[in-house]
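Trainee: Have a look at the structure that comes next, please.
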Amino acid sequence: MDKLTYFHEKVEELKDAGVYRVLPVNYGPCANVINLNNRKVVNLSSNNYLGLADHPRLKEAAKKAIDKYGIGAGSVRTIVGNQDILEELERELAKFKREEAVVCFQSGLNCNLGVIPAITEKGDLIISDELNHASIIDGVRLSRADKAIFRHADTEHLAEILAEKAEQYKRVFIITDGVFSMDGDIAPLPEIVELAEKYNAYVYVDDAHGSGVLGEGGRGTIDHFHLNGRVDFIVGTLSKAIGVIGGYLATKTKVKEWLLHRARPLLFSTALPPAAIAATIEAVKILSESEALTEKLWDNAAYFKKGLKDLGFNTGQSKTPITPVIIGDEALTMKFSQQLLEEGVFVSGIVFPTVPPGTGRCRVMLSASHTKEDLDFALNAFSAAGRKLKIIK
Ligand SMILES: *Cc1c(COP(=O)(O)O)cnc(C)c1O
């Protein structure tokens, strides 16, 4: 048998199920307006919350770093890949996050895959929110600890699991996203931290969508709730609001020392490239200098959410710039996304299995890079497409 038959049949199955897709191509930088498949559209689907992905100061810093440090780190950190600017970035990030230490990874996903198995062992229990990000789920799979799942953001359920199981384990870890990416809601961290303290459990928060968005100047969900020093492991990404690539863990120096010996992405995968590191240092500087970008982001989010509500759309439980426009029916969701694109606005349609069946949504991601004209143009498109498909009156 032709060895490719297997893959051919798998792809045919996707086509039969109507979920086969061709990747759209962006012919330029990630910005407020993008050149998608060679057509200019307003971009309401990136994680580039602060517009830093195409920021002149970051680009300049990256170019200078290439001249000084070259293109690649050349090795994993534990051999000769540990360039001084990477250590500088870790110091700057720790200062910014107001935590003792930071360890950088090559991505947020890779940080969860590396950290969770390295800090847990057989005889431990991990209790995880049911809507946690895929990279947490995979990190937990790589761990030898037992796991339990609590209902989304349900601290009563978490308390029940702790009461029932905590005693049987050496150590207990509670893991949650800070901001949930499909609904834009925020984890009930004050209650989670209180429960953890009662049971002497560790708290691990993946704040990929909170970093650069919530808290003073984008310091994140822990800062937003004034919980500094009470969360043991804080994961952030450098790939979303920060606009570059990479992930990090903010934690205690002791934990960092251990991870430098045991987190497999630090031992077996090449360190971040200098251009990305330098651009990230510049991004942290920009955020430390002023709250202008985070304020613009929240102003844009408030303006657009109000516009959508006034038009009669359902924007769910969102408390952040992640704004789901809940449609329900899967086919109608995808049709709506297609119609919006025809009107000149890109908003990705998200359906089962990424979200529960019957809760299809077009997910709007606001950014500080959007102008008022972009937002008004997009609201007009929502109005036209929504009426055409009879989603609104
Ligand atoms: C996006 C995301 C990640 C992955 O971050 P990358 O830096 O893009 O790899 C991890 N965790 C959460 C919760 C995310 O939303």
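The values are calculated or read from the model by the stated rules, or taken from the named source; none is laboratory data. These figures come from a predicted structure and were not determined experimentally. Cβ coordinates were reconstructed from backbone atoms using ideal geometry, including for glycine residues, and neighbour counts include every protein chain displayed. To get the accessible areas, we keep the full protein, side chains included, count just its heavy atoms, and leave off ligands, DNA and RNA. Shrake-Rupley method; radii C 1.70, N 1.55, O 1.52, S 1.80 Å.
Trainee: Take every Cα-Cα pair in the stretch 230-282 and report what % of them are more than 15 Å apart. The partial results should precede the final answer.
Mentor: Values: 774 of 1378 pairs.
Considering the stretch 230-282, 56 percent of its Cα-Cα pairs are separated by more than 15 Å.
Trainee: Using helices alone, I'd like the mean residue ellipticity at 222 nm for the chain: each DSSP H run of four-plus residues gives -39500 (n - 2.57), total over residue count, nearest 500.
Mentor: It comes out at -13500 deg cm²/dmol, rounded to the nearest 500.
Trainee: Given a 1.4 angstrom probe, what's the average accessible area per residue across the chain, in square angstrom? Mind showing how you got there, number by number?
Mentor: Details: 18680 Å² over 393 residues.
So the chain comes to 48 Å² accessible per residue, rounded to a whole number.
Trainee: So what J values fall out for the stretch 3-9 if you push phi through Karplus, 6.51 cos²θ - 1.76 cosθ + 1.60 with θ = phi - 60°, rounded to Hz, Gly and Pro as x?
Mentor: 5, 7, 4, 3, 6, 4, 5
Trainee: When Lys and Arg each count +1 and Asp and Glu each count -1, what net charge do the other residues less than 12 Å away from residue 15, Cβ to Cβ, add up to?
Mentor: Residues near residue 15 contribute -2 overall.
Trainee: Right, something else. How much of the pair distance distribution for the chain lies past 38 Å, counting alpha-carbon pairs only, in percent?
Mentor: Working: 17509 of 77028 pairs.
Of all Cα-Cα pairs in the chain, 23 percent lie more than 38 Å apart.
Trainee: With point charges of +1 on the Cβ of Lys and Arg and -1 on the Cβ of Asp and Glu, referenced to the Cα centre of the chain, which listed residue (353, 214, 44) lies farthest in the positive direction of the dipole?
Mentor: The listed residue farthest towards the positive side: 44.
Trainee: Give me the net charge for the shell around residue 189: Cβ to Cβ below 10 angstrom, other residues only, Lys and Arg +1, Asp and Glu -1. Before the final figure, lay out the partial values.
Mentor: Numbers: positive: 230; negative: 191, 194, 207.
Net of charged neighbours comes to -2.
Trainee: Measure out, as a whole number of angstrom, how far apart the alpha-carbon centroids of the stretch 263-340 and the stretch 353-393 sit.
Mentor: 14 Å
Trainee: Give me the log10 of I(q) over I(0) for the stretch 149-251 at q = 0.20 Å⁻¹, as the Debye formula computes it from C-alpha points; what are the numbers?
Mentor: So the normalised log intensities work out to -0.99.
Trainee: Using a 1.4 angstrom probe on heavy atoms only, work out the carbon and sulfur share of the accessible area of the chain in %.
Mentor: Accessible surface attributable to carbon and sulfur in the chain totals 53 percent.
Trainee: Please report the equivalent ellipsoid semi-axes of the stretch 14-107, computed as sqrt(5 x eigenvalue) of the Cα gyration tensor, largest first, in whole Å.
Mentor: 33, 19, 16
Trainee: Using the Cα centre of the stretch 299-391 as the reference point, and only Cβ charges (+1 on K/R, -1 on D/E), how large is the resulting charge dipole? Debye, rounded to the nearest 20.
Mentor: 280 debye
Trainee: Can you run the Rg to Rh ratio on the stretch 184-236? Use alpha carbon positions and the Kirkwood inverse-distance Rh.
Mentor: Ratio value, two decimals: 0.95.
Trainee: To one decimal place, what orientation-averaged projected area in nm² is obtained for the convex hull of the Cα set of the stretch 99-182?
Mentor: 6.1 nm²
Trainee: What residue among 340, 273, 287 has its Cα farthest toward the positive end of the dipole of the stretch 261-368, where the charges are +1 on Lys, Arg and -1 on Asp, Glu, each on the Cβ?
Mentor: 273
Trainee: If you put +1 on each Lys and Arg Cβ and -1 on each Asp and Glu Cβ, how big is the dipole of the stretch 1-121 around its Cα centre, in Debye rounded to 20?
Mentor: 560 debye
Trainee: Beyond a 18 Å Cα-Cα separation, which of these cross-linked pairs lie in this structure: 296/319; 59/97; 97/285?
Mentor: 59/97
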